[in-house]
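Have a look at the structure below before the remarks.
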Amino acid sequence: MDRVLKLQQASYELAQPDNMSLELLPPSSNSPSQGILLMSHAGNRGVIMVAGMEPPSTSSGYHVWLMAGQDKVWAGQIGIDDRGWGTVSLILPESIMVFEKVELTEADSPNTSAPPTDVVLVGDLVSMNAPDRPRMLNCAPIGQFYR
């Protein structure tokens, strides 16, 4: 049921014409990991969907970090299923646009006070808010999340 609710929220976010999207890419080109961040126009509500993820070495999954300069703020945790798929809802107290990047790192422990440096996926939030960036979503890669 939890998976159905997460897919329902992702579908809702995809259907909103003024929402923003950002592709999350692995730092290494030989990684099959991929992700997408869908955010409300206000920037305080969204969802991250990932696919092709390696099962984490621990059962904790992956942490989501928002970065502004050298500061990292923990935003959530994504559990990964046996097919490498996962999703997490984000509800932020302020707009995500005050941050510069979003990073996913392997969650080696439930402790979020010291962010790890092993980045698995990353997205540049500055490009998400560029005035010349189209707001429409390219849905071609999204189909991979629903297989």
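Of all residues in the stretch 19-30, how many are closer than 9 Å to VAL120 by Cα, in a loop (DSSP other than H, G, I, E, B) and in contact (Cβ under 8 Å) with a residue 60 or more places away in the chain?
Filtering the stretch 19-30 down to residues closer than 9 Å to VAL120 by Cα leaves 25-28.
When the remaining residues are screened for being in a loop (DSSP other than H, G, I, E, B), the result is 26-28.
From the residues that got through so far, the ones that are in contact (Cβ under 8 Å) with a residue 60 or more places away in the chain too are 26-27.
Final tally of qualifying residues: 2.
ALA51 meets all of the listed conditions (1) among the aliphatic types (A, V, I, L, M); (2) at pLDDT 90 or above; (3) closer than 16 Å to LEU90 by Cβ but one, namely (3).
Look at the stretch 75-107 and say how many of its residues are open to solvent by 70 Å² or more (accessible area, probe 1.4 Å) and either closer than 20 Å to SER40 by Cβ or in a loop (DSSP other than H, G, I, E, B) (or both).
Filtering the stretch 75-107 down to residues open to solvent by 70 Å² or more (accessible area, probe 1.4 Å) leaves 77, 82-83, 91, 93-94, 98, 100-101.
Remaining after also requiring either closer than 20 Å to SER40 by Cβ or in a loop (DSSP other than H, G, I, E, B) (or both): 82-83, 91, 93-94, 98, 100-101.
Going through the stretch 75-107 one residue at a time, the tally reaches 8.
Determine, yes or no, whether PRO110 is at pLDDT 70 or above, more than 19 Å from GLU23 (Cα to Cα) and not in a helix (DSSP H, G or I).
Numbers: at pLDDT 70 or above: no; more than 19 Å from GLU23 (Cα to Cα): yes; not in a helix (DSSP H, G or I): yes.
Answer is no for this residue.
Tallying residues that are in a loop (DSSP other than H, G, I, E, B) and surrounded by fewer than 14 Cβ atoms within 10 Å (Cβ to Cβ) within the stretch 51-71 yields 7.
Would you check which residues across the stretch 45-72 are within 14 Å of the chain's Cα centre (by Cα), under 19 Å from ASP124 (Cβ atoms) and not hydroxyl-bearing (Ser, Thr, Tyr) and list them? Hits for the stretch 45-72 are GLY46, VAL47, ILE48, MET49, VAL50, HIS63, VAL64, TRP65, LEU66, MET67.
I'm trying to understand the selection: among the residues of the stretch 41-50, which are open to solvent by 10 Å² or more (accessible area, probe 1.4 Å) and touching a strand residue (DSSP E or B) at 6+ places or on another chain (Cβ under 9 Å)? Steps first, answer last, please.
Within the stretch 41-50, the subset open to solvent by 10 Å² or more (accessible area, probe 1.4 Å) is 41-42, 44-45.
Within the stretch 41-50, HIS41, ASN44, ARG45 qualify.
The values are calculated or read from the model by the stated rules, or taken from the named source; none is laboratory data. Quick caveat, the model's predicted, so the values are computed rather than measured. Note that we place each Cβ from the backbone using ideal geometry, even for glycine, and neighbour counts take in every protein chain shown. In case anyone asks, the SASA skips ligands and DNA or RNA and just uses the protein heavy atoms, side chains included. Shrake-Rupley method; radii C 1.70, N 1.55, O 1.52, S 1.80 Å.
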